[in-house]
Ligand code: GRF
């Protein structure tokens, strides 16, 4: 069966990419295959993870390069996994309802401009929240504003540091990213079937 071609955009350590690679290897992403990893930085450890998994990699410094590399790989769905750049509108127009992102909070809380990485968890703790979590959502022209695909909650404990909360949230990110990808793939196949 033809598998949907997935490109993963990264900028950092790539633990979400690794989780996706591991789930694919375990047969838990049956209708898709990761065919390309594109990084905004040549020093991203995510690139080493991709090479080790035998996945084609490239570095794209501009959004034009990103689009060229996406097309060159025959990309059908894009996963943003710790990608720290804002996608150009042209890319979003080229891949409508085909781009998903993982954000380390329960959207619509603690998301949008300036809410990334440790800042998210610092704000959750400062906000006195009793729970946090991660959200997989479609990417549209806004920042973290696309339709939510699924989310997963984790508790916030008394005395939690941002680092401890980040680690707890990251664990659940690793669980829901593959599930979110499967939902997006199902929706794409349903729409293609409908055409
Ligand atoms: C994760 O916390 C993710 O939610 C956010 O950036 C971080 C990426 O981590 N978008 P990694 O590079 O996947 O380890």
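Here are the numbers:
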quantity	calculated
Residue within segment 167-175 that is at pLDDT 95 or above and away from the ligand (no atom under 16 Å from the Cβ) present	no
Unique residue being surrounded by fewer than 18 Cβ atoms within 10 Å (Cβ to Cβ), on the phi < 0 side of the Ramachandran plot and in contact (Cβ under 8 Å) with a residue 40 or more places away in the chain when the list is 86, 51	86
Condition check for residue 154: modelled with pLDDT of 95 or more and closer than 30 Å to residue 3 by Cβ	no
Residue match in segment 84-101 (condition: farther than 27 Å from residue 172 by Cβ and either in contact with a helix residue (DSSP H, G or I) (Cβ under 6 Å, 6 or more places away or on another chain) or within 13 Å of the ligand (Cβ to nearest atom) (or both))	yes
Residues satisfying the stated conditions in segment 42-53, i.e. in contact with a strand residue (DSSP E or B) (Cβ under 7 Å, 6 or more places away or on another chain) and closer than 18 Å to residue 66 by Cα	42, 44, 46, 47, 50
Scan of segment 54-63 for residues that are out of contact with any strand residue (DSSP E or B) (no Cβ under 6 Å at 6 or more places or on another chain) and without any contact (Cβ under 8 Å) to a residue 24 or more places away in the chain, ordered by number	54, 61, 62
Residue in segment 134-147 that is nearest to residue 183 (Cα to Cα), counting only those that are in contact with a helix residue (DSSP H, G or I) (Cβ under 7 Å, 6 or more places away or on another chain) and surrounded by fewer than 23 Cβ atoms within 10 Å (Cβ to Cβ)	140
Unmet criterion (only one of (1) exposed (fewer than 13 other Cβ atoms within 10 Å of the Cβ); (2) touching a strand residue (DSSP E or B) at 6+ places or on another chain (Cβ under 9 Å); (3) in a helix (DSSP H, G or I)) for residue 93	(2)
Condition met for residue 75 (under 18 Å from the mean Cα position of the chain (by Cα), more than 16 Å from the ligand (Cβ to nearest atom) and touching a residue at least 12 places away in the same chain (Cβ under 8 Å))	yes
Residue in segment 102-115 that is nearest to the chain's Cα centre (by Cα), counting only those that are within 11 Å of the ligand (Cβ to nearest atom) and farther than 10 Å from residue 144 by Cα	104
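The values are calculated or read from the model by the stated rules, or taken from the named source; none is laboratory data. Just so it is clear, the structure is predicted and the values come from calculations on it, not from any experiment. For neighbour counting, all protein chains shown are included, and Cβ atoms are generated from backbone atoms with ideal geometry for every residue, glycine included.
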